[in-house]
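Asks: One structure follows; several queries about it will come next.
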Amino acid sequence: MESIEEKNYYTAKEAQEALGRMTYSALRNHVRAGRIRSTMPPGKRQSVYLREDVDRLRQSLEEKNYYTAKEAQDTLGMTYSALRNQVDAGNIADFVPPGRHQAVYNKEDVDRLKAEMDAWLLSKRQAELPAAKFVKATIEDMPEAVALTREVFGGLNIMSVETRTAWLRKNPDIDYLLVQEGVMVGYLSLVPLRPETIEDLMTLRRYAKELTADDILPYESGVPVDIYGMAIGVRPGFSRGQKRVYGQRLIFGARGVILDLGKRGIPIRHIIAHSFTPEGIRLMRHVGFIETPPKAPGLRDFMVDVESSGIPFIMEYRRELARWREQNKK
């Protein structure tokens with residue numbers, strides 16, 4: 001049997017050393033981002049890492065194809081906390097060069113994220129690309145909205161029209177639609193739930209379709225909540241580029257929903273979600289959600305700790321909430 005060395009692989013420890021004493025968590029982020037390929041050799045219990053990929057990443061970083069933290073922050077227009085969120089999400093590779101004590105950031109990753117952010121901003125400014133409206137769903141919308149979720153998610157874990165209607169009666173601010181020329185093209189659901197209910201959903205002890213109106217929490221000013229990202233999706237049949245633009249519009253709409261909650265004095269502790277689709281995983285990473293250890297097989301878990309997050313729109317939410325508290329002092 002060939003040795004690991006003969007197969008041109010590094011062990012985890014060797015890869016970490018080769019990449020400047022990188023943490024194991026950071027190494028796995030590179031794997032999830034597709035920069036380093038890993039495999040589990042027969043008879044082994046630990047993954048190994050393709051030497052070619054590790055060496056390529058090391059060479060890129062050693063050739064000074066990187067930004068310092070300040071340069072990356074200035075390029076992206078974000079705080080250090082937000083920059084670290086992007087690293088934790090696997091969007092930017094970091095590296096501690098030999099002889100240095102502070103991490104530097106892969107220039108290609110930073111520049112790519114900057115280009116994506118600029119393109120996103122441009123798409124938001126150009127209403128005609130596409131002329132879609134982000135609107136709050138009503139009870140009358142539920143039959144078509146449920147049909148849309150069935151198209152998007154293939155009939156998995158789909159709630160009935162009666163269930164969604166009961167939820168919406170309990171809290172009218174949980175379902176949102178993206179509508180173009182009278183046709184629903186996208187769907188978003190952000191639902192406040194008790195922490196134990198979210199835990200049940202994340203561990204698959206319960207499924208969303210089993211929830212009743214009693215599980216749905218109302219929004220009350222001054223009462224803290226945890227929000228579960230129930231669903232986000234775009235109707236099948238569009239081009240990849242069009243789906244991406246629609247997805248960005250849904251995310252931008254979600255940003256507005258969160259900011260509105262801040263203006264209403266609704267304290268949010270956490271925003272929690274999981275996904276099994278590549279599109280959903282990419283969206284959450286792009287926004288800046290932190291990936292957490294999965295609690296159920298086949299799913300990827302994500303969370304935003306609202307109090308400490310450096311995501312720009314979450315920071316804006318905190319400012320809106322602080323403004324509401326100041327205006328409503330007794």
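Asks: Please report how far the C-alpha centroid of region 279-296 lies from that of region 209-266, rounded to the nearest whole angstrom.
Replies: For region 279-296 versus region 209-266, the Cα centre distance is 15 Å.
Asks: How big is region 132-327 by Rg and Dmax over its Cα atoms, in Å?
Replies: 15.9, 48
Asks: Right, another one. Please work out how much length the chain gains when fully extended from Glu140 to Tyr24, using 0.36 nm per residue of separation minus the C-alpha to C-alpha distance, in nm with one decimal. Display every interim value, and only then the final one.
Replies: Numbers: separation 116, 0.36 × 116 = 41.76 nm, distance 5.02 nm.
Taking 0.36 nm per residue and subtracting the Cα distance, the gain is 36.7 nm.
Asks: Compute the distance in nm between two label points, each set 7 Å from the Cα along the Cα-to-Cβ direction, one at Lys209 and one at Phe153.
Replies: 0.9 nm
Asks: Enumerate by residue number the GluC sites (Glu not before Pro) in region 253-330 meeting two conditions: DSSP loop (anything except H, G, I, E, B), and at most 13 other Cβ atoms within 10 Å of the site's Cβ. List each step's numbers first, then the result.
Replies: Values: sites: Glu279, Glu291, Glu307, Glu316, Glu320, Glu326; in loops: Glu307.
Here the GluC sites (Glu not before Pro) that fit, given the DSSP loop and packing criteria, are Glu307.
Asks: Sticking with this one: Among the listed pairs Lys209/Lys263; Lys70/Lys114; Lys70/Lys107; Lys136/Lys243; Lys136/Lys329, which are separated by more than 22 Å between their Cα atoms? Spell out each step's value before the answer.
Replies: Details: Lys209/Lys263 31 Å; Lys70/Lys114 15 Å; Lys70/Lys107 13 Å; Lys136/Lys243 20 Å; Lys136/Lys329 30 Å.
Cα-Cα > 22 Å for Lys209/Lys263; Lys136/Lys329; rest within.
Asks: Just for the Cα atoms in the chain, what are the lengths along the principal axes, largest first, rounded to whole Å?
Replies: 63, 48, 42
Asks: Taking the chain as the reference, fit the longest principal axis to its C-alpha atoms, fit the long axis of helix 161-170 to the helix C-alpha atoms, and give the angle between the two in degrees, 0 to 90, nearest 10.
Replies: 80 degrees
Asks: Moving on. Could you tell me which of rounded, prolate or oblate describes region 65-112, using a ≥ b ≥ c as the square roots of the eigenvalues of the alpha-carbon gyration tensor, with rounded for a/c under 1.5 and, failing that, prolate when a/b is larger than b/c and oblate otherwise?
Replies: On the way: a/c = 1.45, a/b = 1.44, b/c = 1.01.
Taking the square roots of the gyration eigenvalues as a ≥ b ≥ c, region 65-112 is rounded.
Asks: Would you grab the residues whose amide H sits under 5 Å from the one on Ala137? Only those 5+ places off in sequence or on another chain, please, with H modelled 1.01 Å from N.
Replies: Asp175, Tyr176, Leu177
Asks: I want to check the label-to-label distance for Gln180 and Ala296. Put each point 7 Å from Cα in the C-beta direction and report it in nm to one decimal.
Replies: Using points 7 Å along Cα→Cβ, the separation is 3.1 nm.
Asks: As I understand it, the value is the acute angle between the Cα axis of helix 278-287 and the longest principal axis of the Cα atoms of the chain; what does it come to in degrees, rounded to 10?
Replies: Roughly 90 degrees between the two axes.
Asks: I want to check the label-to-label distance for Glu116 and Ala322. Put each point 7 Å from Cα in the C-beta direction and report it in nm to one decimal.
Replies: Reported label-point gap for Glu116 and Ala322 is 2.9 nm.
Asks: Something else about it: Please work out the FRET efficiency for the pair Lys263 and Ser308, using the Cβ-Cβ distance as r and a Förster radius of 22 Å; give the result to the nearest 0.05. Could you put the intermediate results ahead of the total?
Replies: On the way: r = 21 Å, r/R0 = 0.96.
Efficiency, rounded to the nearest 0.05: 0.55.
Asks: I need the calculated FRET efficiency for the pair Glu52 and Arg282, taking r as the beta carbon distance and R₀ as 30 Å, to the nearest 0.05.
Replies: Once rounded, the FRET efficiency stands at 0.75.
Asks: How far is helix 240-263 tilted off the main Cα axis of the chain, in degrees rounded to 10, range 0 to 90?
Replies: 60 degrees
Asks: Multiply the residue gap between Thr39 and Glu14 by 0.36 nm, knock off their C-alpha separation, and tell me the result in nm, one decimal place.
Replies: Values: separation 25, 0.36 × 25 = 9.00 nm, distance 1.48 nm.
The Thr39-Glu14 span can extend by a further 7.5 nm.
Taken together, the values in this text are just the output of simple stated rules run on the coordinates, not laboratory data. In this text, all values refer to a predicted model and were calculated from it rather than measured experimentally. Cβ coordinates were reconstructed from backbone atoms using ideal geometry, including for glycine residues, and neighbour counts include every protein chain displayed.
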